[in-house]
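The structure under discussion appears below in the form of structure tokens.
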Amino acid sequence: MLKLGEGMNRWADAVATALAEVVNVMSALADGDLSKRVIGNYTGEMLRLKADTNGTAEKLAAIVEQTVEGMTAIKGATNQLATGAVDLSSRTEEQVAGLEEMAAAIRQLSATVKQNSGNAQQANQLALDARSAAEG
């Protein structure tokens, strides 16, 4: 009975130690620390518990790493889009300013053409008047 009791105590200690390590890893994961692992030497179901706990922590760390990489890529793409939008906006403003200048020049040219047309009509009238005076 003594040996059986000692064996049960060793088994209970091993289970308690393994569970304490698993609790430690899970608590660290809950706090955002993905670096903790179960490190004790175990056999049987405690070895399986160690492997599953460490595997879960590894996969979670990999998922978080991929998420961070994805967010970094999205941030870079967003920055490129923002830069492109600013560049496009600047070029559009330059084109609008150029079009406004062209419209002003066309209005000025139109006014000059109208004025020249009026001057030509006056010159024509003066020429007609001079001809009438010369004939008369």
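Scanning segment 52-93 for residues that are open to solvent by 60 Å² or more (accessible area, probe 1.4 Å) and within 30 Å of R10 (Cα to Cα) returns D52, T56, E58.
From the list G70, G76, G84, G40, which one is closer than 26 Å to A18 by Cα and either of a type outside the set (A, V, I, L, M) or without any contact (Cβ under 8 Å) to a residue 12 or more places away in the chain (or both)? Even if it seems obvious, please write down each step before you answer.
Numbers: G70 fails: closer than 26 Å to A18 by Cα; G76 fails: closer than 26 Å to A18 by Cα; G84 fails: closer than 26 Å to A18 by Cα.
Exactly one residue qualifies, and that residue is G40.
Note on segment 38-51: residues that are open to solvent by 50 Å² or more (accessible area, probe 1.4 Å), assigned to a helix (DSSP H, G or I) and either of a type in the set (A, V, I, L, M) or under 20 Å from A28 (Cβ atoms) (or both) total 3.
The values are calculated or read from the model by the stated rules, or taken from the named source; none is laboratory data. Just so it is clear, the structure is predicted and the values come from calculations on it, not from any experiment. Because the Cβ atoms are built from the backbone with ideal geometry, glycine has one as well, and the counts that use them run over all protein chains shown. Each accessible area value is taken on the protein alone, full model and side chains, heavy atoms only, with ligands, DNA and RNA left out. Shrake-Rupley method; radii C 1.70, N 1.55, O 1.52, S 1.80 Å.
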